[in-house]
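First up is the structure itself, then whatever we jot down about it.
The values are calculated or read from the model by the stated rules, or taken from the named source; none is laboratory data. All of these numbers come straight from a predicted model, not from anything done at the bench. Using ideal geometry, Cβ is built from the backbone for each residue, glycine included, and neighbour counts are taken over all protein chains shown.
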Amino acid sequence: MGQLLEYHAEGIHSETLRPGGTLWEGSGADAAADRAWGDVVTARGAADHMYSGATIARTGADDLAWAKRQAQQAITDAEADGFRVAEDLSISDPSTTSMMRTTVARQQQMAAHAADIANKVAALATMDQQVGTQVNEAMAPLGQVSFADFASPAPRQPGGPGTNVHLVDYAAGGQDPRLPKPAFDPRNPFIDDPRFGTWVDATPPPHAGGTPPPPWTGHRDLAPDSMKLGQPNGPAGATGFYVPGGKTWADPGAPPMADLEEQYNIRRSGVDYTPITRVVNGQRQQWVQNTYEAQKSNLLNLGGNAWASTAPNEVTGQLGGTMTGGLGGLNHAITHPWKSISPEELAVLSANNPTVTYYVPDGCGDRFTFKGGVPVGGAEPPPVNPSIIAAPPR
């Protein structure tokens, strides 16, 4: 319970700093952040009392279990010696009748068992009371925990001190659903784009103490079979060979002596669990970004004419000299190993070759493209409002 209280309080604080994933700045943002942080401190204090009470309860439960076993063993020992223990823990000797009096030794044995049972049961009752008192004392401060509510202020005169100022997209109860939502982070345009990743619930691992640890971050590879040609994460299609940056010669009939072309195949290779999080309906979520690999192939084209010396022909009487010949049609292809490529690197590659279409698998058996540095097609995200982020201090 304490863990959940801290988790949700910190989620609210995080959402206050970045409502809807957008950076919020200004005096209103500072006030809201201070208020939310105060609630985080209050929640942590309450959680500490919960943890303390839980620790006492667990330790007390172990102690009570031990005391209960001691009392049960005292009863078992009495019954093993032939005595009967009633529900009110009184002890009697069934071997004794009105016609047969018990021996002194038997009476002393029965008295010893009765005293042992009484002592063990009394110890159990005392321990139960002590544990209950300790738990109540540890949890008592929770009765003083209070989160001030957000009471609506008294109406103010328009333009007067304290006049409320809202963003242009303000709507009672939240953002106007008719308007595009803000971009998550203009510096990272691929975040919140379903073609490049997904949001997953980030459940903190079990822990003891204060703030839950951040969600796990790291890389996970996809199964190799899913990355083969024809599979959901496999190559989405080659670009076809092209001259990087475009052809630099104006006359197609007069190609250079040689030119180097390239083409790319792209496939998904895995996912990165990033530290980027958001809070939706009180649930913290983590952005899981797709990772990609590209296979580059080069084609060396030979063209133009080559000069070569010739020896004299003694049969025909032809003199020696030089000759020329075309090299067109001679080429050599090289395919390179698969290498990691990020969406940002792919965007730059596409922007540098705006006439080329790069095909990217979406992991569902379909694909989208990069053209002119911009992803096109597939599960495109809805339009977003521009976001303004202050420049870092110099």
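When Ala333 is tested against (1) part of a strand (DSSP E or B); (2) surrounded by 11 or more Cβ atoms within 10 Å (Cβ to Cβ); (3) modelled with pLDDT of 85 or more, only condition (3) is not met. Could you go through segment 207-216 and let me know if any residue there is touching a helix residue (DSSP H, G or I) at 6+ places or on another chain (Cβ under 7 Å), among the β-branched types (Val, Ile, Thr), in a loop (DSSP other than H, G, I, E, B) and modelled with pLDDT of 60 or more. Yes: one or more hits. Inside segment 281-303, residues that are of a type outside the set (Ser, Thr, Tyr) and in contact with a helix residue (DSSP H, G or I) (Cβ under 9 Å, 6 or more places away or on another chain) make up a count of 7.
Identify the residue in segment 352-394 that is farther than 26 Å from Pro232 by Cα and at pLDDT 80 or above and, among all such residues, is surrounded by the most Cβ atoms within 10 Å (Cβ to Cβ).
Applying the first criterion (farther than 26 Å from Pro232 by Cα) to segment 352-394 yields 352-355, 383-394.
Applying the additional criterion that residues be at pLDDT 80 or above yields 352-355.
Details: Asn352: 13, Asn353: 22, Pro354: 12, Thr355: 8.
The extreme case among them is Asn353.
On the basis of being out of contact with any helix residue (DSSP H, G or I) (no Cβ under 6 Å at 6 or more places or on another chain) and either at pLDDT below 80 or outside any strand (DSSP E or B) (or both), does Pro255 make the cut? Spelling it out, Pro255 is indeed out of contact with any helix residue (DSSP H, G or I) (no Cβ under 6 Å at 6 or more places or on another chain) and either at pLDDT below 80 or outside any strand (DSSP E or B) (or both).
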